[in-house]
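The values are calculated or read from the model by the stated rules, or taken from the named source; none is laboratory data. All figures in this text were calculated on a predicted structure; none of them were measured in a lab. Backbone-built Cβ (ideal geometry, glycine too); neighbour counts: all protein chains shown. Keep in mind that these areas ignore ligands, DNA and RNA; they rest on the heavy atoms of the full protein, side chains included. Shrake-Rupley method; radii C 1.70, N 1.55, O 1.52, S 1.80 Å.
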Amino acid sequence: MSRFWSPLVNGLTPYVPGEQPKLDNLVKLNTNEHPFGPSPRVLDAIRAETSANLRLYPDPNGDALKHVLATRFGVAADQVFVGNGSDEVLAHVFLGLLSHERPIRFPDITYSFYPVYCGLYRIPFETRPLDPAFRIDPVDYLDADTERAGGIIFANPNAPTGCFMPLADVERIVAGNPDCVVVVDEAYVDFGGQSAIGLVDRYPNLLVVHTFSKSRSLAGLRVGYAIGQRELIEALERVKNSFNSYPLDRLALAGAAASVDDEAYFLDSCKRVIAIREDLVARMSELGFDVLPSAANFVFARHPAHQGAALARALRERAVIVRHFAKPRIDAFLRITVGTEAQCEALLDALRDILGR
Ligand SMILES: *Cc1c(COP(=O)(O)O)cnc(C)c1O
């Protein structure tokens, strides 16, 4: 609290990002970064852009990047919005498309930035509980008898559970709410989900949000995008041009476009992560962990004989960092990013040590 702060700022509860440790020797499995670096073509493109041209502003519209994304997804370039990480895209979505009188709706357990944006933009919201298996029940978003939602947002695959909702259920939610925007945050879709982008031409109320941070191994570059019909994209452009006209710098625009151009590297590196995940799930299950089915680059797991916070602490003492959320219903769980084979080996060694096996 400060008398110099605005009433809004005094009332905020900001998002707390996962730790970015200053030590190099830790096995870092806490923020869902990709374990393998980006395509070498991305680094070449960034190097080529590193010149005296940095004195010039970047393209405020990111047209070249929008063009490659539009081509890849079979949509028009004006159906693509690009921003400084999908967090920024989501911020504009909350302000421009979800801020209405009626409460917006999202699961009780999902990306914890959503309620933070609601606080920042004073958007009323209500949550719907995940089912006992930690899945989103589409019926919770279809109730015609209660008051209609002002908007709906969920992550698919969901975070931090990793659980994936079939596309048919996503479509039921979108089709059942024609008067509000339904946002599908597909940050992890490339690790085993099914994208809803193929539905945008049929549903004017559907917006799909993606990021380069996870599957494209570019968390440090800060690039995200949204795909939807023109009317929705135009709202985001209006917000963006009322906030920061140049959200993506020259290096980010060049690197992101090069990443989309190297489809083979992208597909192969995601496949490698999926294979490591499947092995990790099997071996954690052997250690007695209850692991939720994951379609993401992380696993969400609990051990019946150990508390989540204590396990996270014990792992940290062994130089392995994972994410623990001290929240109702998921307090027993750890969210563990799928690392390299060697990192997963280190994690399993530490777990065996802690569990005495
Ligand atoms: C990581 C993540 C984001 C944010 O990604 P950035 O593009 O790095 O801002 C958004 N949504 C979900 C569900 C995420 O896990």
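One table, with the values for the structure above:
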| read-out | value |
| --- | --- |
| Partner aspartates and glutamates for Lys28 [C-alpha distance under 17 Å; skip if fewer than 8 residues away on the same chain] | Glu19, Glu317, Glu341, Glu345, Asp349 |
| With eigenvalues of the C-alpha gyration tensor scaled by 5 and rooted, region 182-334, Å | 34, 18, 17 |
| Selected from Leu347, Leu207, Leu12 as most flexible by GNM, with the chain as the system and alpha-carbon contacts under 10 Å | Leu12 |
| Accessible-area composition of the chain, carbon plus sulfur, in percent [1.4 Å probe] | 54 percent |
| Beta bridges per DSSP with both ends in region 40-262, % antiparallel, nearest 5 | 40 percent |
| Gyration tensor (alpha-carbon) shape descriptor, region 1-72, a/c threshold 1.5 | oblate |
| Å² per residue, accessible surface of region 39-130 at 1.4 Å | 46 Å² |
| Dipole magnitude of the chain about its Cα centre (Cβ charges: Lys, Arg +1; Asp, Glu -1), debye to nearest 20 | 880 debye |
| Anisotropy class of region 105-145 from Cα gyration tensor, a/c 1.5 cut | oblate |
| Descending Cα extents along the principal axes, the chain, whole Å | 58, 57, 51 |
| Helix-derived mean residue ellipticity, 222 nm - over the chain, DSSP H n ≥ 4, -39500 (n - 2.57), to 500 | -10500 deg cm²/dmol |
